[in-house]
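Notes follow the structure.
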Number of protein chains: 6
Amino acid sequence: MTRPDGRKANQLRPVKITRNWTMHAEGSVLVEFGNTKVLCTASVTEGVPRWRKGSGLGWLTSEYAMLPRATTTRNDREAVKGKVGGRTHEISRLIGRSLRACIDLKALGENSIVLDCDVLQADGGTRTAAITGAYVALHDAVSWLAAKNALTRKQTVATTLHRSVAAVSVGIIAGEPRLDLCYDEDVAAEVDMNIVCTGTGEFVEVQGTGEDGVFNRDQLNALLDLGIAGCQQLATAQALALATDLKR
Amino acid sequence: MTRPDGRKANQLRPVKITRNWTMHAEGSVLVEFGNTKVLCTASVTEGVPRWRKGSGLGWLTSEYAMLPRATTTRNDREAVKGKVGGRTHEISRLIGRSLRACIDLKALGENSIVLDCDVLQADGGTRTAAITGAYVALHDAVSWLAAKNALTRKQTVATTLHRSVAAVSVGIIAGEPRLDLCYDEDVAAEVDMNIVCTGTGEFVEVQGTGEDGVFNRDQLNALLDLGIAGCQQLATAQALALATDLKR
Amino acid sequence: MTRPDGRKANQLRPVKITRNWTMHAEGSVLVEFGNTKVLCTASVTEGVPRWRKGSGLGWLTSEYAMLPRATTTRNDREAVKGKVGGRTHEISRLIGRSLRACIDLKALGENSIVLDCDVLQADGGTRTAAITGAYVALHDAVSWLAAKNALTRKQTVATTLHRSVAAVSVGIIAGEPRLDLCYDEDVAAEVDMNIVCTGTGEFVEVQGTGEDGVFNRDQLNALLDLGIAGCQQLATAQALALATDLKR
Amino acid sequence: MTRPDGRKANQLRPVKITRNWTMHAEGSVLVEFGNTKVLCTASVTEGVPRWRKGSGLGWLTSEYAMLPRATTTRNDREAVKGKVGGRTHEISRLIGRSLRACIDLKALGENSIVLDCDVLQADGGTRTAAITGAYVALHDAVSWLAAKNALTRKQTVATTLHRSVAAVSVGIIAGEPRLDLCYDEDVAAEVDMNIVCTGTGEFVEVQGTGEDGVFNRDQLNALLDLGIAGCQQLATAQALALATDLKR
Amino acid sequence: MTRPDGRKANQLRPVKITRNWTMHAEGSVLVEFGNTKVLCTASVTEGVPRWRKGSGLGWLTSEYAMLPRATTTRNDREAVKGKVGGRTHEISRLIGRSLRACIDLKALGENSIVLDCDVLQADGGTRTAAITGAYVALHDAVSWLAAKNALTRKQTVATTLHRSVAAVSVGIIAGEPRLDLCYDEDVAAEVDMNIVCTGTGEFVEVQGTGEDGVFNRDQLNALLDLGIAGCQQLATAQALALATDLKR
Amino acid sequence: MTRPDGRKANQLRPVKITRNWTMHAEGSVLVEFGNTKVLCTASVTEGVPRWRKGSGLGWLTSEYAMLPRATTTRNDREAVKGKVGGRTHEISRLIGRSLRACIDLKALGENSIVLDCDVLQADGGTRTAAITGAYVALHDAVSWLAAKNALTRKQTVATTLHRSVAAVSVGIIAGEPRLDLCYDEDVAAEVDMNIVCTGTGEFVEVQGTGEDGVFNRDQLNALLDLGIAGCQQLATAQALALATDLKR
């Protein structure tokens, strides 16, 4: 059985990471996993939420959303509905947790970074693309802070962002474990898993779901193997994207 | 290093499952994992959501909430705030997915079951207690349907609920993998994981998070081992609770 | 004509008041009027609402709610609907006014007590049970403040809570005035009245409604007689419940 | 001790009822109790709420609101705040219940009447003025239905509106029971009571509150006496206002 | 072709401006353009919005709303719907911008004026009537501030309100440009335009719309001519209304 | 005095119109006016709003929004705030009215087109860019309907879209009328105007505002001249963009 786009089971879709994609944000990255396109911006803002004041620590949070026609049929806007849906909440929280795992919040002082991940075009894997792109946007924002000496004393970009983070989806379709599912595979998957790894191959978050089925230890291990390998390739893509200086 | 309540690392807190805890619902279970107490009710309602009409299939969904003073300090009510928070959304969705994994929705016809999981007292592990209790409440609701011949043709309780589901939290505290974390352990955990298993030891959902840290494959495996064993004990507790007939 | 549960017209349902029912709140009471069960917690919080700052006075407020399946059919959650309904607002305000009538808010300094009354199981009279239970929870919270010397100078539990407050419903069914209506009586009542009295038999609040009928002065007097006598018995039950020291 | 406007304790403020005050509604009444001015419109609309469909019965409901600067200081709009407050809910429900007590909803068929009571200027007693004015607006709307033969068979205005309803506030200020409190008296009252009576002197609703105090049976009786007499005068004012035909 | 009320194409409806219409607001004006009646109140409040603090400047804003039965059929309340609609937002913003054009906000110090424009009865042109009436209410509020020496140094009513502002609608019906459209004309108009002018004939805001058609330069010029002349007459009516002292 | 980017007063910024920018929508256009970038998608959906059912007519509406970091500083998401702001409402309505002016809604039958205009990067003129791009997206959606024979009988793309529509901002900065303001000019403008024209130079909508000033007839005429000429150039750009067939 072949994949819709002819890929091998352990093959990522073409990954493209474009920095400086919009002009206002401290970090702005368009990340593409095949036809999935997510704009990730990192905004540095003064101050921290009320519950964190006086701690001396910064804060990092994320908000994920989809444009109404990022999908095959139009979705009503959450702003018009007047509330954020459960899926949006769940993904926003996942992105926030994943990126907080790679940053030393002391280095920010009592300032915040907001990572906005807006899906311009969806074809499966939007949350994992968002995490992968958000890391690069965050890196640019931290570099921006470093360049204006706004990190707390002795901190550098390297000590502030002490790990890189990337994410990929894996799943079992017709019994076969596959890497980086596109939308058609996602809806057909018996098991669906999102894996968030550091650049050195450690886990930051692992979420596996078998809504229309269950999975055993062997299947889990096969999926983890695929996911770790995929994250490794994404880490390389992130490093390449970050290898050049950004002209501002 | 000892646990706050003196348990062994691989030991559950005392589990108590009380059926028929309130009188109106088709299934009503108070589940206790130590000091964590969650009321799980299963409500049978006619009809299905609009997007499912005409499918011939039923639907199952869940809503989780905490009473304002279930916790050490009071939380504002979401009804008063006018919106459901991200954590609530995330947990409600997890419970719904987990329970849908054990039911044949065709057996319901176009009818729905809502599982309300309200935390009366919280001491860590509320979502896993909720899943474990909700399964028993669901079982009673399906029995209620069977008793009034409301399942679609030839279906029985056993074919409708073809698996049991239970859940438990595991985590790493000070380097030690532990089963069924209480609140003080939960806030201290470097890695936090929720494992949802069937009675036969297969995975329904696995969610591991290392917000303040990362975890490697060995640690993940240790946590999975603990979680699978814990779920097995919970499945036994569920079976015992369900072994007697319910007087209505 | 006999009552559904065989009671006499002037007879209360069995009343049960359990203190310390949950472990986190400063006061936590499960109150039962027959099958009606309401959890009343009193939470001490620092500070007062903005409009009261600088007054030197404390504040007391209440929030009432029902679990979705406290009733014979499931009610949608107000948090999910995104707004608090009129009935909920009306009852929350009644409880707050009733309890403010028995407390000297100067004794709290600029601190607040929130009384959360959550109906776990409903069978008529939830608001009157809530008031009756909330008084006991409030007493425990004030005792907690006294024990840590947090009341303003020279104030004691007795001077802070200078009255007790209890409430009961009365109504006319098929021409007969009855005390403490259960749900089936409540929906059949021509006149429905809630009476809130102090332990010494004075009125705090009187609300009589004849939605499907009207009532004359004689009927009103008969209902008031019933209600005062009922509140007197509830005051005794409260005193008994409070007669023992609470182990915390 | 004299009243702010020199009235006797048992004297109403000047009452003015102007029908046809705006041109679009089926009933439109400006009611004035001294400086309190409330616009009451009755709108006939086709259909009934979903829960009442198929009953053959009509429905009557009410919505109360205050213009932002009806009061001495400006109140934020509930539309801008995005939610209806507790006081608004409580009063809207009181008005609706009171007016439903005087109408035979079968006569409407499955149609609804909405009574909108908007306070243009507030000086105490807005809810009682609203009920008193809403009755007249409702009468005009029922006459409008009768004139176009839209009442169900054999029903007339007189059989449809089988009672009149009026309301007045009473209270105890400095120990003295007084009728029809203005704002300054309202805030100073130890006991505050709203009495809704039919034209024949029966009670529809009685609500007495002693937030800053309590009241005994004698005080209650004195207030009821005052209120019944006041409602009687208001019923006369309503009858006079309705004595002339309305030119549409 | 004649107009519904027999007016000439360039003729305003009868204009009536009543000051001091309600008693609490610093400025309170009922403005009538024929059957359109709008209550405009100006409320002086301490402080300015957060984003303006420290600027030394005051702020002026406006909120427009319609009573539910100001119109031929009843509109649901925005408070009950829980959100402000687009039309309401659009008109509130237009009124605010128009009135800010005539006031020196430095004269207020860091204080605010809120102009509430509530439509009591609608027959077309509610927004233009609102602007015209709000100017007079604003003038009374500024006079009130001047009388208590609350304007910043050396400022007078004349220097604070350095221009007057009035507004009128114009439109093309069946090819004919007309001034001050009533509702029936408004819905039939091919082109609809609102013109806001100063008392000296300069433009503050011009909004022309051809939803069911388009318009050319000649038509635009004819509408502007009509609108400027109409505003001139309204400015005279405002001046006359303001010519007498207000007894407070 | 020169413009920030050295343009002449009557010169547009570089205009770029990219069709088929995303893959799911029936029309998808990225429009760029200099640094302002707006994604305009046209979504064909079955059915019409309730108030339009049975009319035989289609409907067209628009929703405008900005990504949180489209601007120099981050704006909170309206979905998170739980309501759509006044500016968003105002612009969404303007876009909808403008595009409805160019379409024959009978041709759609009872179906709808939603034009979503999401600002990816803002530098002034976002609403005029949105209108200009939305027309092209709408054209592609109508072509899509025509290609599948979904327009009602005998209608073609040309008869359905009987006009083109484009829009541009104009304003007066330091006394000089200028075309197509960038953000820095927009905030400095004494008069700000948005002009919506058909391809044949007729007006669809004209909105001129002098919030910090007023403007006279000569200034208005100068702005109109500039705006008409600018729209003419935009109409040419639209025609060029549409000159090629779209590969789907």
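Here the spin labels are modelled as points 7 Å beyond Cα on the Cα-Cβ line, and at B:His162 and B:Leu57 they lie 1.3 nm apart.
Taking a ≥ b ≥ c as the square roots of the Cα gyration tensor eigenvalues, with a/c under 1.5 meaning rounded and otherwise prolate when a/b beats b/c, else oblate, which class fits the protein assembly as shown? Cα axes put the protein assembly as shown in the oblate bin. Here's the list of aspartates and glutamates a cross-link from B:Lys53 could span, going by alpha-carbon distance under 14 Å and ignoring same-chain residues fewer than 8 apart: B:Glu110. Distances between copies of D:Thr2, taken at a point 7 Å out from Cα along the Cα→Cβ vector and listed shortest first: 5.9, 6.6, 8.1, 8.1, 10.2 nm.
Calculated on the alpha-carbon coordinates, the convex hull of chain B measures out at 135 cubic angstrom per residue. The rotation axis that maps chain D onto chain B passes nearest to the beta carbon of this chain D residue, listed with its distance in whole angstrom: D:Gly82, 4. Each principal axis of region E:196-248 carries a Cα extent, and these read 49, 19, 14 Å when sorted largest first.
Report the charge-dipole magnitude of region B:15-243 in Debye, nearest 20, computed about the Cα centre from +1 at each Lys and Arg Cβ and -1 at each Asp and Glu Cβ. Spell out each step's value before the answer.
On the way: 23 positive and 26 negative charges, 243 e Å.
Dipole size: approximately 1160 debye.
Shape call for region D:23-86 from the C-alpha gyration tensor, a ≥ b ≥ c root eigenvalues: rounded (a/c under 1.5), prolate (a/b greater than b/c) or oblate? Cα axes put region D:23-86 in the oblate bin. By the combined test of axial Cα extent (at least 18 Å) and Kyte-Doolittle hydropathy (mean at least 0.5), the qualifying DSSP H helices of chain D come to D:126-147. Dipole check for the protein assembly as shown: with +1 at the C-beta of Lys and Arg, -1 at the C-beta of Asp and Glu, and the Cα centre as origin, the magnitude is about 0 Debye.
Each Lys and Arg adds +1 at its Cβ and each Asp and Glu adds -1 at its Cβ; summed about the Cα centre, region E:1-79 shows a dipole of about 280 debye. Counting Cβ atoms of other protein chains within 10 Å of each Cβ in F:199-207 and taking the mean gives 6. At a Cβ-Cβ separation cutoff of 4.7 angstrom, cysteine residues of chain A with no neighbouring cysteine are A:Cys40, A:Cys102, A:Cys117, A:Cys182.
Taking every alpha-carbon pair in region C:105-248 and binning the separations at 10 Å intervals from zero gives 11, 36, 30, 16, 7, 0 percent.
Give F:Lys106/F:Lys148; B:Lys81/E:Lys83; A:Lys81/E:Lys83; B:Lys81/C:Lys81; B:Lys106/B:Lys148 a once-over and call out the pairs whose C-alpha atoms are over 19 Å from each other. Display every interim value, and only then the final one.
Values: F:Lys106/F:Lys148 17 Å; B:Lys81/E:Lys83 15 Å; A:Lys81/E:Lys83 10 Å; B:Lys81/C:Lys81 11 Å; B:Lys106/B:Lys148 17 Å.
Pairs exceeding the cut-off: none.
Say the dipole of chain C comes from +1 at the beta carbon of Lys and Arg and -1 at that of Asp and Glu; which of C:Thr73, C:Ala166, C:Gly208 then lies farthest toward its positive end? The listed residue farthest towards the positive side: C:Ala166. Taken as Cα centroids, region E:169-248 and region C:24-50 sit 61 Å apart, rounded to the nearest whole angstrom. Comment: the Cα-to-Cβ extended label point of F:Ala174, at 7 Å, lies 5.3, 6.9, 7.0, 7.1, 9.2 nm from its counterparts in the other copies, nearest first.
Computed from backbone phi, the HN-Hα couplings of region A:33-49 come to 10, x, 7, 7, 10, 10, 8, 10, 10, 10, 10, 8, 10, 6, x, 10, x Hz, rounded to whole numbers (Karplus: 6.51 cos²θ - 1.76 cosθ + 1.60, θ = phi - 60°; Gly and Pro given as x). Across identical copies of the chain, E:Thr236 has label-point separations of 4.9, 5.1, 8.5, 8.5, 9.8 nm, listed in ascending order, with the point defined 7 angstrom from Cα along Cα→Cβ.
Please give the average number of partner chain Cβ atoms lying within 10 Å of the Cβ of each residue in A:35-41, rounded to a whole number. The partial results should precede the final answer.
Details: counts 3, 0, 2, 0, 5, 1, 5.
Taking the mean over all residues of the peptide, I get 2.
Every number here is computed from the coordinates shown, using simple stated rules; none is lab data. Treat the numbers as computed from the prediction; the structure is a model and nothing was measured. We place every Cβ from the backbone using ideal geometry, glycine too, and count neighbours over all the protein chains shown.
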